[in-house]
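Any read-out appearing in this document is the output of simple, stated calculations on the displayed coordinates, not a laboratory observation. Bear in mind the structure is a predicted one, so any value in this text is a computation, not a measurement. Cβ placement follows ideal geometry from the backbone for every residue including glycine, while neighbour counts extend to all protein chains displayed.
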Amino acid sequence: MAIKPARVSVELHYNCPQCNEEYTITIEESKIPGFSIKCCSESYLVQPVDKVNIKLTFDKLCSPNTEKDIIKSAFRVLSDYQYTKKEVKDFVRNKYYACHQQLVRDFLSAK
Ligand SMILES: [Zn+2]
């Protein structure tokens, strides 16, 4: 059984307008009245963030497989696109794939 994340954490990144140095704070910190970032002998108030909306979309689960099985399953899909087993094998050389979906996606985006 695969478990889904119980919560997502977000951090806010602000850049110094002068030197572009990045500062990371939490949403809670951004809400503190007068919260500021000090950089380049200046003090910059941060724009508070009220709410962040995040929509999670889940990827398909990979079931652990041997490389041979992964190539076989990927080829089953890719043969519909007229690719040969040799092309798939050559593509996989020196790469690691945990599942055939990932291999198919990479193979097709490389073509
Ligand atoms: Zn700065």
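How much mean residue ellipticity at 222 nm does the chain get from its helices, if each DSSP H run of length 4 or more adds -39500 (n - 2.57) and you divide by all residues, to the nearest 500 deg cm²/dmol?
-9000 deg cm²/dmol
Please state the shape class of segment 67-110: rounded when a/c is under 1.5, otherwise prolate if a/b exceeds b/c and oblate if not, all from the C-alpha gyration tensor.
Note, shape of segment 67-110 comes out rounded.
Of the chymotrypsin sites (Phe, Trp or Tyr not before Pro) in segment 64-111, which ones lie in a loop per DSSP and count no more than 15 other C-beta atoms within 10 Å?
Y96
Over what distance in Å are the Cα centres of segment 37-89 and segment 2-23 separated?
Spelled out, the Cα-based centre of one part sits 19 Å from the other.
Got a sec? How would H13, H100 order by Cβ neighbour count within 10 Å, fewest to most?
So the ranking, lowest neighbour count to highest, is H13, H100.
Which aspartates and glutamates, on any chain, are close to K95 with Cα under 16 Å apart, when same-chain ones fewer than 8 places away are left out?
The reachable aspartates and glutamates, counting only those whose Cα sits under 16 Å from K95, are E67, D69, E87, D106.
Using Cβ counts within 10 Å as a stand-in for footprinting exposure, how do C39, C16 rank, fewest first?
C16, C39
Distance cut-off 26 Å, Cα to Cα: go down the list K89/K111; K4/K86; K55/K85 and report the pairs above it.
K4/K86; K55/K85
Taking K51 as the anchor, which lysines have their alpha carbon closer than 19 Å to its alpha carbon, excluding any fewer than eight residues away along the same chain?
The qualifying lysines are K31.
So for I54, I25, I70, fewest C-beta neighbours within 10 Å to most, what's the order?
Placing the least packed residue first, the sequence is I54, I25, I70.
Quick one: net charge of Y44's neighbours, Cβ under 15 Å, K/R +1, D/E -1?
-3
For K111 and K72, FRET efficiency with R0 = 22 Å and r from the beta-carbon atoms, rounded to 0.05?
That gives a FRET efficiency of 0.65.
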